[in-house]
Amino acid sequence: METLLQIKPEVQTALAAKQPVTAFESTVIAHGLPHPQNIETARKLEQIVREERALPVTIAVIEGKLCVGLVDDQIERVATANDMKKLSTRDLAIAIARDWNGATTVAATMWIAHRAGINVFATGGIGGVHRGSLPDVSADLPELARTPMIVVCSGAKIVLDLPATHEWLETNGITVVGYQCDEMPAFYSRTSGLPVDVRCDSPNEVVKLFETQRQLGMASALLVTVPVPAEAEVDAALLNRVLAESLAKADREQVAGRDLTPYLLARMAEQSEGATLRANIALLENNARVASQIARALAEK
């Protein structure tokens, strides 16, 4: 692993000194947000983390190397290059063997971050159980079940089957925390009608839960769900309309598999005149802030 992990010197120093570190995925930069908002958001997230006195660590695969921490040129490359593949855990060995360039999903980012010694990871929305009769489960979910770290998100992406995702998390023993909320957020919406397992109102409460999981020898992640800021929440009627239209169009065009979620998010941003895009960016920024506060509380233990 030491030869395959390319850890930025600044990150190595922080990890050795047990300083607060917050990891980010790169799929949101390469495939989740349009240009130039993608690179602007990537830089803003790193800025927010530093403002919270933590170290931002964006993860990607560059020329077959598992890069833990990117310099600005690499972030720009992830945001603009045409050869940036979407890499989940199953793709990592292929990417290394064939010297690929790729953006890491939630699952792949967790896998890499955990092996680098990082305990806190911030993202927008996790993958989950897809809509439809075919059992289609994102690799994010089993990775959450077997990787012990704190994952901060705004629930599962709204284009998924949220009740089925909630049930999968319960069945596989993944504790869902509501951060200052009692319901699991629904990405662009602050509520979903789905209960969380426990509410935490401070970073220290989250850290105590995480440490207790480790004392018990539990292998699963602690999923901390944070609602989108109220001012950025998308109106429910608008959200339902654009989601239905986007799902119908995806069905007509036979978009499926790993291409479906980015396709639907892009269509919804277009149909909502940017409302969902603004919500996405707002929740990413908020999650980065919360995750960094948790990372700092964990480092102070």
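The values are calculated or read from the model by the stated rules, or taken from the named source; none is laboratory data. Here the structure is a predicted model, which is why all the values come from computation and not from measurement. We place every Cβ from the backbone using ideal geometry, glycine too, and count neighbours over all the protein chains shown. The area values use the complete protein model at the heavy-atom level, side chains included, leaving out ligands, DNA and RNA. Shrake-Rupley method; radii C 1.70, N 1.55, O 1.52, S 1.80 Å.
Residue-by-condition table, conditions (1) surrounded by fewer than 18 Cβ atoms within 10 Å (Cβ to Cβ); (2) more than 14 Å from the chain's Cα centre (by Cα); (3) farther than 21 Å from residue 154 by Cα:
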| residue | (1), (2), (3) |
| --- | --- |
| 82 | yes, yes, yes |
| 88 | no, no, no |
| 91 | no, yes, yes |
| 95 | no, yes, yes |
| 110 | no, no, no |
| 113 | no, no, no |
| 118 | no, yes, no |
| 130 | no, yes, no |
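Of the candidates 74, 19, the single residue that is more than 18 Å from the chain's Cα centre (by Cα), surrounded by fewer than 21 Cβ atoms within 10 Å (Cβ to Cβ), among the polar types (S, T, N, Q) and in a loop (DSSP other than H, G, I, E, B) is 19.
Of all the residues in region 196-227, those that are loosely packed, with under 15 Cβ neighbours inside 10 Å and of a type in the set (A, V, I, L, M, F, W, C) number 3.
Candidates in region 253-262 are the residues that are within 23 Å of the chain's Cα centre (by Cα) and part of a loop (DSSP other than H, G, I, E, B); of these, the one that is surrounded by the most Cβ atoms within 10 Å (Cβ to Cβ) is 255. Residues of region 31-58 that are open to solvent by less than 40 Å² (accessible area, probe 1.4 Å), part of a helix (DSSP H, G or I) and modelled with pLDDT of 95 or more: 38, 39, 41, 42, 45, 46, 48, 49.
Among residues of region 117-134 that are without any contact (Cβ under 8 Å) to a residue 60 or more places away in the chain, those with a Cβ under 8 angstrom from a residue that is among the aromatic types (Phe, Trp, Tyr), sequence gap 6+ or separate chain, pair up as 128/168; 129/168. When region 59-71 is filtered for residues that are crowded, with 16+ Cβ neighbours inside 10 Å and assigned to a loop (DSSP other than H, G, I, E, B), the ones remaining, listed by number, are 64, 69, 70. Identification of strands (runs of 3 or more DSSP E) wholly contained in region 139-252 with 2 or more residues that are free of Cβ contacts under 8 Å to residues at least 60 places away in the same chain and within 20 Å of residue 289 (Cβ to Cβ) yields 175-179, 198-200. Of the set (1) farther than 17 Å from residue 36 by Cα; (2) open to solvent by less than 10 Å² (accessible area, probe 1.4 Å), all apply to residue 286 but (2).
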